[in-house]
Each structure stands twice: as structure tokens, then as C-alpha cells.
1. Consider the stretch 495-544. How many of its residues are in a loop (DSSP other than H, G, I, E, B), at pLDDT 95 or above and over 30 Å from residue 469 (Cα atoms)?
2. Quick check on my filter: what residues within the stretch 389-404 are outside any helix (DSSP H, G or I), under 21 Å from residue 499 (Cβ atoms) and touching a residue at least 24 places away in the same chain (Cβ under 8 Å)?
3. Tell me, which helices (runs of 4 or more DSSP H) wholly within the stretch 196-254 include 2 or more residues that are touching a residue at least 12 places away in the same chain (Cβ under 8 Å), in contact with a helix residue (DSSP H, G or I) (Cβ under 9 Å, 6 or more places away or on another chain) and under 22 Å from residue 289 (Cα atoms)?
4. As an exercise: evaluate residue 386 against (1) over 25 Å from residue 340 (Cβ atoms); (2) outside any loop (DSSP other than H, G, I, E, B) and give the number of the one condition it does not meet.
5. Criterion first (free of Cβ contacts under 8 Å to residues at least 60 places away in the same chain and either out of contact with any strand residue (DSSP E or B) (no Cβ under 8 Å at 6 or more places or on another chain) or closer than 15 Å to residue 462 by Cβ (or both)) does residue 420 satisfy it?
6. Report yes if some residue within the stretch 163-185 is within 28 Å of residue 267 (Cα to Cα), touching a helix residue (DSSP H, G or I) at 6+ places or on another chain (Cβ under 9 Å) and not in a helix (DSSP H, G or I); otherwise report no.
């Protein structure tokens, strides 16, 4: 049955979207939830029933898709004949923009400009305006360009330069040459559309040696050294030429030249050289770069901000490499504990050495708002228990009230139930009904149904900041009711609705997750929490690096996994099929679990960072207690990822009334503290 559905899934999914057959949410448990979480079983009726059950709207949506296909095929006359049928459809302007975009050569400027002016609040309009401006420039209609550009200015220096060219053609650029200079001195190459304007500016004497120096150093800051070479040719003043030569000299051999005698304290370009050269040297020898920086930072007149930035760059990177002398060097870089992240890494270095007095002393240096977080209170308790030999039940009890990785760790130390701290939604249905009257919300809904998520996000980003917190909360729940869970979760985070678990922990495709996690003999909550972290249950998710679908599989990994489990995977687009993605994602998790000897924690880290990196971390620090190992994962993304996956697994189990553990018995035995049932403290 699954194989039959799998082949037809994309079409079935789109049809279900159109006909509103996809359920709002899937209830987590079969019976009831624990404690206060029982309220989570009550799934409120969607207040957007007017949208979900409107047959006329579904017909218009279908017509919209048909007409969009006709536009793509160039059948514009047929589209125009049917446009009136979409008068009540929220996305009619989107279709009109498509039609106009195809007719820019034949329509009058007045008609196009009128559409742009009336619809400049729509995300689709910027793309149309860009195409229209390019058309006007290609026609050399500079008067028309100026009129259209002043009406609506799209982003990008290309259009700025075309506007300056229009001013040049109209004979008014001579009075605003400073605008040209602002573009030319940027540290990145500019579009070819700027060339004629730059040439005009140079003929007018705009390109002077001081201006060339500005571009040179901007290019150095951007690490655009080919552009810096070009700008250097325009520098003719002795000091400017000498400073540029020094840059190339130091760049060629930073080990030799990064010394106080090379630089003058009051020369601001020397600060740029040192900042760059220290970072360049750090790629080769981090410790030497740190020592050279320590010898130079007070020699030159760096601003406090410049010092802080380079201190941070070196301090954090030194610490996360775990050199033997890292604690000493990092302490010299930030002796007064000015940088919170550096201080946190100093604590991690102390944890890696299990130097509990140093852990305590460094935690005391954190700002109060950081010191009281569950993370550092947990480590304060662990340190104190290791030092004193006295259990820290009171402190662990205070930490355990948090619904977090550290709160759950504390609960397990005490052997007590976890706290979910669930707070149900507390806004009125009438508030959502009011939002549904907004044209932007109606457009957003339709865009989600049509899987035009980029435009939907742009509509969201325009509307969300204009709402008050209660409206933002209601809109986030609307997004959840549309299965647009990633946006619902993002909205809840922005207004700090951390305890609305119904909104923040969705679940789709429950039967598939149960089936394939059982097949692979991995914990169900593990597969669910991986998916929640990876895609928020968006089957069409695609990351910037190409990971696809619910469990965000890279195509190469998916193909290798499919081959191992003898599953057909002919095309990578099949990874958007939930059944295929979950089958391969759970199989890959099982492979990682086997590769790391049954450790969910190491396997989770490998799922995020790759197994080879995790093997390297284990080789260097695998002897550490498990909670310390997690805390000192050098990649912040992976450290947070592992902690969240463990945390989310607890939440999903509790919401489904399943037996709940953060760690299994073997994992608990590997923690920095081991509290036997007798209450006796086992010390190293």
C-alpha cells in the first residue's frame, strides 16, 4: 500500500491541499496525557473554517493554478478572458503580475506603473518592477526609467546605477556626484550597469587618490584582493602607496612582520593590516596568532570595539581547539571577563579537565543573568557536589522546574518526573477571525495551499511586525492550523510563547514514524525529535546546502542508505515523499546508532555534523563524562542540536503518555555525577 501511495504522492499531496483534506494536526497519544499536558489532546476547531470549507475558494484556487500554467505556456489571451472569474480571489494580483511581466513590450507605461503603484505592498511586485526597469533601460527610455524608479525602488546597486545613468542622460548627474562616489568606494565589484556612470564621474575629477585609498581598504576588509589591486593603481600619494605596499608585505609573511616595530600606533590603516594578518596567521597557527595579537593590541590605537572583536575571534577559537595552553592564552586575551562567550568557553575548558574549583570560580565571573540560567546552575551543582561530596538536591530541584535539557538532566539526577510547564493558548477565536479578514492573511493562506512558501514568508514578514503580541500569537496559531509549522514555531519564539507545546511541537505522519522506527528498532521519540529540529515536519523543506524533506537528508546520503537497505530511489525528488524520507531517515539513524555502539547522543551528533567529525571528537575527548562531552562539542550548532533533540524527545513522549526518559541506564552511568538509589555519592 505504501509503495502505491509513494509513486503518486506529489499529486495526491497537492490535491489534498486544494481540497482541504489534510488534517490540522495529528493527536499525539491514543488515550490521555500526563498531568497538565492532558489539555493538549483538545485540538481546537480551526477558526479559519471559512477558508478551509469554502468550495468556491477551492474552485478559484484551481482556476488560478490552471491560468498560471497557461501564462507559462504563453496563452495570454485565454488568461485575460478568465481573469474576471478571479475577482474575489486573494491572489488575483499575483496572476496579473505574471501576465504583465509577459507583456512589458506591448503594454503602456501608464498601465504598468499604475499596477506597480497599487500593488507595491505585494512581494511579487518587486520582481515585476525589476523586469520593467530593465526593459526601460534596454529601450534607452531614461525619462520613463526615472519616473518608474521614483515610484518604487527595488533593491540592488544595479538599479541605483541605472537611475544614476538616467540622471546622466537627463543632464542632472553633475549635481550629485557624491552618490556615484558612495558606490565606487564599496569593497565589492559593482554591476556593469555602473561602468558608464563611473566613467562620467572620473571624467569630472571624482576619482582622486584619497578616494582610491578608501576603496582599497574597503576591499581589504571584504577580502577582495583583486579589487584592492585595481584600486591600488589609482593611488598616487606617497603615504597611500606605502601603506598599500605594507599590506602586501605583511600578507605574504605574517609570521615575520606581525611585530610592534612594523606598525605605527596612529596609522589607522595599520590597524586594518594587523586585524587581517592576525586572522590570516590564525588559519595556520592559532596560538602564535594569539601571542602576536597580545603583543600588538596595546601598541596600536585600536578602538574598544575593534579590540573586542578580535579578542572574541581568537579567544573562542583557541578554547574550542582544546590546546594544552589554551586556558592560559584565553585568560590573557580576556583577563577581565568582558566577553561572555569567551568566559563560557573558559568554563568548558575547565570542564574538559574536570577542574571543579576552576569551574565554580569561572561561573562566578559570568553576568548574573547568565549565571542563573539552567545551564550554568546545573554545572554549578555538579561542581559543588564533586568538591564537597554533598548532594545538591535543592539546587537540582530548582533547575528541574525548567523544561529544558538541563532541567531534564536535573530531574533525572533527582529521580523525579519531568516538568512540561504547558500553557494552553489564551486568545479568542474572534481575534483570528479578524485576522482572516486581512487581505495579506488571505493571500498568505492561499500561497501556503499552493506551496509558494517563499512568497508566503515574504507576506508574513511584511505583516508580522505591524501586529501586537496577541495578534502575532493568533497568527502563529493560524499558521499551525495550515500545517505551516515552521512559521508557527518561529512566530511563537518571537513572542516568547515557549510553553504553548501544541503550537511548538507539531506531529504529522504519525503512522509512518511508528512503522519505520519499529522497523529500524530505534526509539520513536528520537525520529520525531530529529524531524522537529530538522524541518518542523515540512515534507517539502530544502536547506541551503541541499538537504531535503522531513528528515533533511542529503541526496548522496539518501542514495547510499537506500542502497544499503535495498530500497528504490530513482530520483532525488522522491525525498519529498514522506514515506520515502522517513524510511531512509530512520534507516540512517539506525546506521549511526550501530556505528557509535548504541549511543543515541553520539549518533545524534553524527546526524548533524557527520560521523567523521564525531569520531575525531571522541578520539580526543571520548574519555570525558557524557554530559561534559556534550557541553564541550566544539560546534555550537551541533551542541545545541544534540541538547534539543534529547529535550524534544522527552516532550514528545510525555505528550503521548509514553514511558519517558531523557537518558537510558547506560547513558546515565556515564554522567559526571552518578547518584545510586542509596543516595551515596560516587566521586571520581
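1. Residues flagged as in a loop (DSSP other than H, G, I, E, B), at pLDDT 95 or above and over 30 Å from residue 469 (Cα atoms) within the stretch 495-544 amount to 4.
2. At the first step, the residues of the stretch 389-404 found to be outside any helix (DSSP H, G or I) are 389-392, 400-404.
Still in the running and under 21 Å from residue 499 (Cβ atoms): 400-404.
Result: 402, 403, 404.
3. Numbers: elements: 209-221, 225-232, 238-252.
The qualifying helices (runs of 4 or more DSSP H) are 209-221, 238-252.
4. If we test residue 386 against (1) over 25 Å from residue 340 (Cβ atoms); (2) outside any loop (DSSP other than H, G, I, E, B), just (1) comes out false.
5. On the way: free of Cβ contacts under 8 Å to residues at least 60 places away in the same chain: no; either out of contact with any strand residue (DSSP E or B) (no Cβ under 8 Å at 6 or more places or on another chain) or closer than 15 Å to residue 462 by Cβ (or both): yes.
Against the criterion (free of Cβ contacts under 8 Å to residues at least 60 places away in the same chain and either out of contact with any strand residue (DSSP E or B) (no Cβ under 8 Å at 6 or more places or on another chain) or closer than 15 Å to residue 462 by Cβ (or both)), residue 420 does not qualify.
6. The answer is yes, given that some residue of the stretch 163-185 is within 28 Å of residue 267 (Cα to Cα), touching a helix residue (DSSP H, G or I) at 6+ places or on another chain (Cβ under 9 Å) and not in a helix (DSSP H, G or I).
To keep it simple, each residue is scored yes or no on (1) farther than 16 Å from residue 193 by Cβ; (2) in contact with a helix residue (DSSP H, G or I) (Cβ under 7 Å, 6 or more places away or on another chain); (3) not in a helix (DSSP H, G or I).
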position: 106; (1), (2), (3): yes, no, yes
position: 115; (1), (2), (3): yes, yes, no
position: 120; (1), (2), (3): yes, no, yes
position: 125; (1), (2), (3): yes, yes, no
position: 132; (1), (2), (3): no, yes, no
position: 154; (1), (2), (3): no, yes, yes
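Rundown of residues vs (1) without any contact (Cβ under 8 Å) to a residue 60 or more places away in the chain; (2) farther than 18 Å from residue 126 by Cβ; (3) in a helix (DSSP H, G or I), yes/no style:
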residue: 441; (1), (2), (3): yes, yes, yes
residue: 447; (1), (2), (3): no, no, yes
residue: 456; (1), (2), (3): yes, no, yes
residue: 460; (1), (2), (3): yes, no, yes
residue: 463; (1), (2), (3): yes, no, yes
residue: 471; (1), (2), (3): yes, yes, yes
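The values are calculated or read from the model by the stated rules, or taken from the named source; none is laboratory data. It should be emphasised that the depicted structure is a prediction, and the values quoted were computed from it without experimental measurement. Don't worry about glycine lacking a Cβ; one is built from the backbone with ideal geometry, like all the others, and counts go over all protein chains shown.
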